[in-house]
Each structure stands twice: as C-alpha cells, then as structure tokens.
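Just so it is clear, none of the values below were taken in a lab; they were calculated from the coordinates. In this text, all values refer to a predicted model and were calculated from it rather than measured experimentally. Using ideal geometry, Cβ is built from the backbone for each residue, glycine included, and neighbour counts are taken over all protein chains shown.
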Amino acid sequence: MEMALEEINIRNHGDEVLDENYKSIKGRCKYCAKIVSGFHRLKLHLAGIHGNVTPCSEVPTPVKEAFNAEILAKKSFQSSQEISKSIGRFFYEAGIDFDAIRSPSFKRMVKATLSPGQTIKFPSCQELKGWILEDAVKEMRQYVTEIRNSWASTGCSILLDGWIDSDGRNLINILVYCPRGTIYLRSSDISSFSENVDAMLLFFEEVLEEVGVETVVQIVASSTSDWMIEAGQKLMDRCKTVFWSIDASYCMELMLQEVTKIGWIEEALKKTKMLVQFIYSHATVLKLLRDAFPEVELVKSSKIKAIVPFLTLENIVSQKDGLIKMFQSSTWQTSLLASTSEGKRMCEMIKDESFWTEGFMAVKATIPLVEVVKFLNGTNKAQVGFIHDILDQAKETIRKEFKSTRFCHAKIWNAIDDSWNKYLHSPLHDAGYYLNPTFFHSSNWCLNVKISGGLCSCITGMAEDRRIKDLITQQIATFDFLSSKEILSDISPAHWWSKYEVEFPELERLAVRILSQTCDGASHYRLKRRLVETLHRKGRNEIEQQRLSDLVFVHCNLQLQAFDPEGENEIAEDVVDSMDEWIVGKGENLVSENTQLTWMDLDLE
C-alpha cells in the first residue's frame, strides 16, 4: 500500500525518550527499538539512508519508501531554493535587469553547466524581487551587523564617495571601512546644500551619529574642493576625536599631476604622446610596430587610468633600441609616410638622444610615485601605518636616481611635499608610522619632531579623558620599542599589539585603533553607481522606493564583499585600452566611467 507524504507522521513510528541524564529528548524506533538523538535522525534511520545513523532492518517497506521520498523531496526543495538564491545574488551583485531571467541565452548558459540528467527550476522576476530579495537583505543585514560589532575594538573609517551624475545632481555614497570588511551604509543627494559649509557640517554630524561617533577614527573624503575641506576642518574643531583626510589614491594622482608640470617631464610626456598617436593613427607604422614587436603593446593598460601615461612612457623607453631600428628600416624609409613633414618630424625625434634622455629621467621621476598608487590600490589592508614610510621611500628612490645626473630632484620633492602637506597628511599617518612594529627594528626608523607631534595630536584627540592621556604617555615612555623585534609576517601591525593588551592596555587600544585604518577612499572599490542614481530619482511610491533601496543596499554590499584588489578586477569601464583618447586624441572616451548593464527599466510594480 503506497503512503502519501502527508500521512507520514514520525510520532506514529517512534517514541520520545529521555536520555539517562534527563537533559535531552531522543527518538526510539518502534520497529527495532534503536535510540537515536532526535526525530530527524530517526527519519533517516527509518528511510534507510546511510550516513550518520544505522538504517533500520525491521521497518516495513512502505514506511521506508515514504520517509525516503519525504527526505528526498525536502532536499530537492532546499536545493532549488539555494539555486534560486544564488541566481538572485548574481543579479543583485552585477546589477542586471531582472527581465534577463527570461532570456533563453541565460537559461542555456546555466543549463550548460549542469550534469547530464540534472534539471533546474529558474526563479521568476517576481521571486527575484520578492522572497529571494528579502532573504538577501536579511542575510546582508546580518553580515553588516557582524562587521559593525568589530568597530568597538578596531575603530572604523567613514569613506565618502561623491560624484555629479548626468542629471547634474551631487550624490554621495557613505561607506565604512574596518579590517573585517567595508560596508555600504547609505547614499544621499546633497545637491541642495553641497557647497554650504554649515549644512555639510550638519550632514557629516548626522553620519557620525549614525555610525557611532565613539567608533569613528577618521573620515576620508573624495574631494579637495574648498567647501569640503572647510567643512572637514570645522568637523574636527567640533569633534576632537575624529580626523579628516583626503582619499590617498586621489592625492597621489594630484601629486603626479604636479610633478608632470615640471618643464622637462611635461615635455617628455608630450613627445611620447605625439609618438604614440602617430603610430596608432597610421596603418603603415602600426604594421611596422606589429612586425618589430609582435607580442608588445606600447600602451600599457591599467584599471588605474591616471597612471597609464607613465606606464606607457616607461614601456616606450624600454623599447628604445627596437623603435630606433624600426624608423631606420628600409620598409619605413621607402614608405610614403616617411617623406611627409609629420613622418620626418617623428623620425628626427626618435633619433634625438635628448628625447630618450628626458624620457628616461621622467620615468625615474614618476614611476616611484606610480608604485605608491599601485600599492594603495592593490590591498584592502589597513595602510595608515605604512603611507608615511612608503612615500618617503619613493622620495629617497627619486633622490638616488638623480644623484649623478644634470637633472635636479628638488623640484620633484617640492611638488610631492606640497601635495602631501596640503591634502593628504594627517596626524594619524605620523602616529601610524611611530606605532608600526614593522619599522621598530629598521635602521631607517626616523622619529623626528613632526612624527612625535602627530602622535601627540592623536593621543590628545582620541583619548577619552585626561587620565587616559596620561596613562598612554606613561606607557609610551615605558615601552621598549627598539627591543620589540618579534615581527610576524602573517599578522597585521594592529594584531601584533594585541599581545600587550594586559601590560599596556591604553597604549594597545590606541595603537590598534590607529593601525586598523585605511588611507584610501571609496574610489578604491570602484562601485557601480547607476542603481544609486536611479534610487534618487523621484516618481515611485513608498513601497517601490523601499524595494529599490533594498536592492541598492544588497547590490553595493555584494560588490564590496566580492572586491579583490589583488585579483584581476579588470572591469571594462576601468581598464584603459590602446584606443583611449590619450593615445588617439579623438575626443572623449566612448566608454563612460560607470557604464554597465543594470536595472534600466525597473519593473517594481
């Protein structure tokens, strides 16, 4: 007799029993009297499913088959749910229009990954914006809560990601960084008060309150506009425990721009650009280039657009001999292009040794700074304890490179220092250097007045009261920095300090909070912005707006979870290819910064 699943009640086939300590309820099989730890395991026992429990040898076949079918059906349902949730996460993270779930090509793509005989039930659009989204929001809120719980010990940095969209609105994303991970908090349209310093100050105070002012160590802004800097200064005056800085990657780009303004460096880049545009604009020369360098592209692609000219200059300088031979070849000399004024000018420039000398020295002046940019973009780890040293190393490398040449490094250093002091430098960077155990045993560990002053500023600002300030000062005087040489390569500087939690508790807490912060801003994560822009357009009812807000929350946080700076991350809009306007000089890049497939026509009704 075949039994329907709904007729199967485990209590008709087993009894409740207390264990010998009367602390837990177990299940006893009515057929073989075996006792197992719970009714779920009893079902497995009766269904004859091998694994963590021995199958029953006395159970009637219809009972066994019914329980087996129930368990398999439940597993199939759970598997189908997990598949639907995974598809939903893909749509939310990538920002893909829900309607794509109906695409035959999408379904064929997914089915092509299945094993023979395996089937899949695709979720509907309604499910993607219904229970699947609700589950994703719930899961993401739990993740965000876990991250927030770590702020009490490590502190956190608020990262501001501001931009002006195609509608002329001034929008801003609020991210929060800590070593456990970076989260998206919310976004705002600040168009109505963006240049009003007092209104911006109130906005920042609201954000601090939302995050928890007692946990915030710094705010990292994305703009060097006067009103933003003034608002930041007023915030520090009003809230002494919070520091203000500018996105380090952005500041490094400004620094490179200032260095590039030095006459001979600017000239070297200008000539290099002319050469590249000439080669890529003429099929004859491009063929010569391909024949001479079959596996080499003169233009170096990068997800960091600002460093492309400098990487390209470095690459061209390294190909000096081959390029000279190319323009000396009979193929070039007999070409029609060689007899034109443009061709002759390029040929003369390639033969001119001063072109290569200036190019070579321009590389020496800029690549150390490019390496700093790559360092900042190449990690999610806390950087406050390293930025001071890595920039000093770049400056020292430049000084050594120019030591025996007619070129002077003083102007380069001045350009670096001007940008550092005007935009980037924070007392946190000095204190981070001072407290970073990586440098304690280094012969280059430099404790000058400026660094000590930065540490004092951090103690004064971050310590809760005078007693704590005095304790930290005493513990710094007692702590033997020079003998503390036990550096473990697999732990962070902040984690290193945890072993002094008992002996130097106040100093340890200060060091952990400082060394747990980033220097880079929100631009580091290259969040897609289209959906956020859609969120701040009017015309939706309250339910639609809340659903879209949930989508943005999940969308941005999934991107942040998945972001891997050490991986490829070669997203199309972020990588500058060999047809960028820097090369061909034909107007604006056709690929905009934030072009991606998204919910362009949100079907939220």
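Residue separation times 0.36 nm, minus the C-alpha to C-alpha distance between VAL110 and ALA152: what's the value?
In short, 10.8 nm is gained.
Note on LEU336 and SER166: the model spin-label points, each 7 Å out from Cα along the C-beta direction, lie 4.1 nm apart. Considering only LEU311, SER194, ILE183, whose Cα is most displaced toward the positive end of the charge dipole of the chain, charges sitting on Cβ of Lys, Arg (+1) and Asp, Glu (-1)? Farthest towards the positive pole: LEU311.
Subtracting the Cα-Cα distance of GLU209 and ASP392 from their residue separation scaled by 0.36 nm leaves 62.3 nm. Report the paramagnetic label zone for LYS538: residues of region 153-179 whose backbone N is under 19 Å from a point 7 Å from Cα along the Cα-to-Cβ axis. In region 153-179, the label zone of LYS538 (backbone N under 19 Å from the point 7 Å along Cα→Cβ) covers 165-172. Seen against the Cα atoms of the chain and their longest principal axis, helix 542-562 is set at about 70 degrees.
Divide by every residue of the chain the summed helix terms, -39500 (n - 2.57) for each DSSP H run of at least 4, and state the resulting mean residue ellipticity at 222 nm, rounded to the nearest 500 deg cm²/dmol.
-16000 deg cm²/dmol
Of (1) 97, 74, 52; (2) 110, 69, 41; (3) 81, 51, 46, which one was derived for Cα extents along the principal axes in Å from the structure shown? Among (1) 97, 74, 52; (2) 110, 69, 41; (3) 81, 51, 46, the one derived from this structure is (1).
In terms of the mean number of neighbouring beta-carbon atoms within 10 Å, the peptides 502-514, 448-460, 145-157 order highest first as 502-514, 145-157, 448-460.
If only the Cβ of Lys and Arg carry +1 and only the Cβ of Asp and Glu carry -1, the dipole of region 265-384 around its Cα centre is close to 340 debye.
Here the label points at ASP564 and GLU267, each 7 Å from Cα along the C-beta direction, are separated by 4.7 nm in the simple model. Beta bridges from DSSP with both residues in region 156-253: antiparallel share about 65 percent, rounded to the nearest 5. Counting charges near VAL502 (Lys, Arg +1; Asp, Glu -1) among other residues having Cβ under 13 Å from its Cβ returns a value of -2.
From most to least packed by mean Cβ count within 10 Å, the peptides 364-371, 539-546 give 364-371, 539-546. Applying the Karplus relation 6.51 cos²θ - 1.76 cosθ + 1.60 with θ = phi - 60° to region 308-318 yields 3J(HN,Hα) values of 4, x, 6, 5, 5, 4, 4, 5, 5, 4, 5 Hz, where x marks Gly and Pro.
Between the helical axis of 466-478 and the dominant principal axis of the chain, each derived from Cα atoms, what acute angle in degrees is found, rounded to the nearest 10? Once rounded, the angle reads 70 degrees. Estimated at 0.36 nm per residue, the fully extended path between SER318 and ILE49 surpasses their Cα-Cα distance by 90.2 nm. Partners of LYS240 within straight-line reach, counting lysines whose Cα lies under 22 Å from its Cα and excluding those fewer than 8 residues away in the same chain: LYS422, LYS450, LYS469. Below 13 angstrom from the Cβ of SER103, what's the summed charge of the other residues (Lys, Arg +1; Asp, Glu -1)? Charge balance near SER103 sits at +2.
Treating only the Cβ atoms of Lys and Arg (+1) and Asp and Glu (-1) as charged, compute the dipole magnitude of region 426-516 about its Cα centre; round to the nearest 20 debye.
My answer is approximately 220 debye.
Note on the chain: dipole from Cβ charges, positive end direction compared against THR272, VAL502, TRP131; the farthest Cα belongs to THR272.
Taking 18 Å as the straight-line reach from the Cα of LYS400, the lysines in range (excluding those fewer than 8 positions away in the same chain) are LYS364, LYS411. Each Lys or Arg adds one and each Asp or Glu subtracts one; over the other residues with Cβ under 15 Å from the Cβ of ALA136, this totals -1.
Here the dipole of region 272-332 is about 200 debye; that uses its Cα centre as origin and unit charges on the Cβ of Lys and Arg (positive) and Asp and Glu (negative). Counting every other Cβ atom within 10 Å of each residue's Cβ, TRP264, TRP356 order from fewest to most as TRP264, TRP356. Highest mean packing first, where packing is the average number of other Cβ atoms within 10 Å per residue, the peptides 236-249, 387-400, 461-474, 519-532 line up as 519-532, 236-249, 387-400, 461-474.
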